[in-house]
Amino acid sequence: MTETAELPLTIGYELQYRVEQFYYSEAELLDEWKYQTWLELFAHDLHYRLPVRHNRLRRQRSVDETAPRGIEMAHFDDTYETMAHRVAQRESGTNWAEDPPSRTRHMITNVRIEPCAEERGALSVRSIFFIYRNRLECEVDTWAGERFDRLRPAGNSFLIARRVILLDQNVVLSKNLSVFF
Amino acid sequence: MAINPDELRELVDWEHGIISPEIFIDDAIYREELNKVFGRAWLFLAHDSMIPNPGDFLNTYMGGDPVIVARQSDGGVRAYLNACRHRGMKVCRAEDGNAKAFVCTYHGWAYNTAGELISVPSYEDAYHGELDLSQWGLVRVAQIDSYKGLIFATFDKTAPPLIDYLGDAVYYIDTWADRTPGGIQVLPGAIKWTIEGNWKIAAEQFAGDGYHAPVTHASSLGAFNPAVLKQMPPGRQYVSRQGHGQSIADNADPNLSRFADDPLYDYKQEKDAQARAHLGEDRALIRGNFTVFPNMSGLSGLANLRIWHPKGPNKFEIWSWTVVDADAPDEVKKEQQLSSTLTEGAAGMVEVDDGENWNLMGQLLERGYQTRKMAWNYQMGLGHETDQDEKYPGRINATLYGETPQRGFYRRWLDFMTSDKWPVVDAMHETREES
């Protein structure tokens, strides 16, 4: 990787490479249970949201499922501060849902980058995830979906300032969502 | 296993606090439960605020059966099976919305939102105009009624009126459903997730299991309020002869928040003064987990309402909602939504640890033989309860931890499972035989 301090805003091979490497590093932190280090990838004005997916007829469903919905329950609707609570819980030694820790693999693909319309200099990045969780003796859960991120250039890397997660499940099929996306 | 009432009574020795886990895993018992419990009890469907306008509908379940709940043009509510009378296909596959009609996607039989069959394709050509549409409407529930905006229904026309079914539970339901004159609203967005365990495990926990909180939830409730880890907080438990239960935490602090700097604090202080005027001092202080028999539960004071939908002996879904004061400012509703999102639900900091327990208990029963034969202990507080509490109706155990509600829940479950007629019981003051 080059030593440039400023990120080229031209979306090309190098930027694509750097964003993808950033996501691979993020996935590694999660899969190695380094949650505190993972939290440092987020900006302090973070909004991290995983809305509920609806089963509605086409004529009555919202076109943009990532759009803010006002006052509606969600699976995650977090700030940096509340994500810090979640991370502290995970590392507490008494968060039985993940203690003993699950074995997870976060697979990130289909990375598409555009300039961010809402924040000058930032990037809007969509990526597909597939998460495998194997727990205790024989429990397996899988989650597929898409992440809509706002990445803010920071030094030679990025900070995640917004993340909206579309999980491809209506009724969540697992006993919990004690994983990070 | 054949369902023999005497065998069931042996499995559920609630009087001595000994219960066999066969009732959580046996397939024949589960099938009988769908008939004798879910086929007869009043089941919670929805709150008025979830379907406010004519044509608004939502899909839910009554036991194993899909049911459409729809607001009528006259303001009433109807509920009927979401199953076409022709071949049993679902006539509506959206979870909620607004509709003028439900058209089956198999052959096109169409029903209005009252559940009436209004047209079938090729009526003249193929049915020769002879099909009596009026006889082939969607199968309606036998009775539907509401209490304080909470809509319930039963498939049994012999079931007693809803108000009798709820019995003395209304004293406790009012503490969250009719807390202030403005009433409540259920926020949009149901959190739905899946547990590979038996629905009764969750229902009994919400009926009165405060005992698990400091251990199961050490990393969340314990972190928010370390005092709960040290000793049993003051409080009591209620169960009614109808099987409804509630934990009553003695906590005069209206905050009852998971965080010290709760932005809702001022609002809750103000609303609590209203609640004390509306409900009376003692009643306004009642907060805690509750179950309305069989499968409606919630956390009063923490804005949660839910249904445990059975999906087989060893599987259930949790459908969980958040309740706010209807007349609260939007910023207060938003704060409650954020707070509840953080703690409750599939990803909720508190609830992630319940899933771990319930799934593993189910796994042991699913695979084991000896574990199914091992009776479980429900003896906490046995013999220390009273039916003549000075303040509170129902059977009261004067400690927050105990298994009085659980024993009462299974006693009622046994009534339903062993009775051929609808099991009517004296609502209020039945004296316990051995006392």
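Read-outs: derived from the displayed coordinates by stated rules, not from any lab. Just so we're clear, the structure is a prediction, and the values are computed from it rather than from any experiment. Cβ coordinates were reconstructed from backbone atoms using ideal geometry, including for glycine residues, and neighbour counts include every protein chain displayed.
Each Cα pair under 8 Å and six or more residues apart adds its sequence gap; the mean of these over the residue count of chain B is a relative contact order of 21 percent. Ordering B:ASN53, B:TRP413, B:GLY108 by the projection of their Cα atoms onto the charge dipole of chain B, which places +1 on the Cβ of Lys and Arg and -1 on the Cβ of Asp and Glu, puts B:GLY108 at the extreme positive end.
Straightening the chain between B:GLU130 and B:TRP376 buys 82.7 nm, computed as 0.36 nm per residue apart minus the Cα-Cα spacing. Counting, for every residue in B:348-358, the Cβ atoms of other protein chains within 10 Å of its Cβ and taking the mean gives 6. Annotation: peptides B:307-316, B:339-348, B:44-53, A:130-139, ranked by per-residue average of other Cβ atoms within 10 Å with the highest first, follow the order B:339-348, B:307-316, B:44-53, A:130-139. In order along region A:27-38, the phi-based Karplus estimate (6.51 cos²θ - 1.76 cosθ + 1.60, θ = phi - 60°) of 3J(HN,Hα) comes to 4, 4, 4, 5, 6, 9, 6, 9, 5, 5, 5, 4 Hz; Gly and Pro are listed as x. Take each residue in B:184-190, count the other chain C-beta atoms within 10 Å of its C-beta, and the mean is 4.
Packing-based ranking of A:111-122, B:153-164, B:188-199 yields B:188-199, B:153-164, A:111-122, ordered from highest to lowest mean Cβ neighbour count within 10 Å. Karplus-derived 3J(HN,Hα) values for region A:124-129, using 6.51 cos²θ - 1.76 cosθ + 1.60 with θ = phi - 60°, are 9, 10, 9, 8, 9, 10 Hz; glycine and proline are entered as x. Per-residue 3J(HN,Hα) values for region A:165-181, derived from phi via the Karplus relation 6.51 cos²θ - 1.76 cosθ + 1.60 with θ = phi - 60°, read 10, 9, 8, 7, 8, 8, 7, 5, 8, 9, 6, 6, 10, 8, 10, 9, 10 Hz in sequence order (x marks Gly and Pro).
Within the set of other residues whose C-beta is less than 15 Å from the C-beta of B:ASP132, count the net charge using Lys and Arg as +1 and Asp and Glu as -1.
On the way: positive: B:ARG85; negative: B:GLU116, B:GLU124, B:GLU130.
Value of the local net charge: -2.
What is the average number of partner chain Cβ atoms found within 10 Å of a Cβ in B:322-330?
Details: counts 3, 0, 1, 0, 0, 0, 0, 0, 2.
Rounded to a whole number, the mean comes out at 1.
Our helix-only sum for chain A, with -39,500 (n - 2.57) per DSSP H run of n ≥ 4 divided by its residues, gives a mean residue ellipticity at 222 nm of -6000 deg cm²/dmol. Of all the options B:PRO21, B:PRO405, B:PRO226, the one that moves most in a Gaussian network model of chain B with Cα springs shorter than 10 angstrom is B:PRO226. Cross-link reach is defined here as a Cα-Cα straight distance under 28 Å, omitting same-chain residues fewer than 8 places apart; for B:LYS311 the lysines meeting it are A:LYS175, B:LYS36, B:LYS90, B:LYS157, B:LYS192, B:LYS200, B:LYS373, B:LYS421. The calculated FRET efficiency for the pair A:TYR132 and A:TYR80, based on their C-beta separation and a Förster distance of 30 Å, comes to about 0.65.
A cysteine counts as unpartnered when no other cysteine's C-beta lies under 4.7 Å of its own; in chain B this applies to B:CYS92. Across region B:21-92, C-alpha contacts under 8 Å between residues 6 or more apart give a mean separation that, scaled by the residue count, equals a relative contact order of 18 percent.
When only C-alpha pairs under 8 Å and at least 6 residues apart count, what is the relative contact order of region B:129-200, in percent? Show your work: numbers first, answer last.
On the way: 34 pairs, mean separation 13.1, N = 72.
Answer for region B:129-200 is 18 percent.
Highest average first, the peptides A:84-92, B:395-403, A:31-39 ordered by how many other beta carbon atoms sit within 10 Å of their residues are B:395-403, A:84-92, A:31-39. Full extension of the chain between B:SER73 and B:HIS16 yields a length gain of 15.3 nm, computed as 0.36 nm times the residue separation minus the alpha carbon distance.
Label sites at A:ASN170 and B:LYS391, each approximated as a point 7 angstrom past Cα along Cα to Cβ, lie 4.5 nm apart.
Straight-distance candidates among the lysines for linking to B:LYS230, with alpha-carbon spacing under 17 Å and chain neighbours fewer than 8 residues away dropped, are absent.
If only the Cβ of Lys and Arg carry +1 and only the Cβ of Asp and Glu carry -1, the dipole of the protein assembly as shown around its Cα centre is close to 1120 debye. Give the separation of the Cα centroids, region B:168-202 to region A:21-49, in Å. Taking the Cα centre of each part, region B:168-202 and region A:21-49 sit 35 Å apart. Hey, if you put +1 on the Cβ of every Lys and Arg and -1 on every Asp and Glu Cβ in region B:257-383, which of B:ALA303, B:VAL350, B:MET380 ends up farthest toward the positive end of that dipole? With unit charges placed on the Cβ atoms, the residue in question is B:MET380.
Only helices enter this figure: runs of n ≥ 4 DSSP H residues, each worth -39500 (n - 2.57), summed and divided by the residues of chain B, yield -7500 deg cm²/dmol at 222 nm to the nearest 500.
Residues whose amide H lies under 5 Å from that of B:ILE18, counting only those 5 or more places away or on a different chain, are B:ASP13, B:TYR378; hydrogens are built 1.01 Å from N in the peptide plane.
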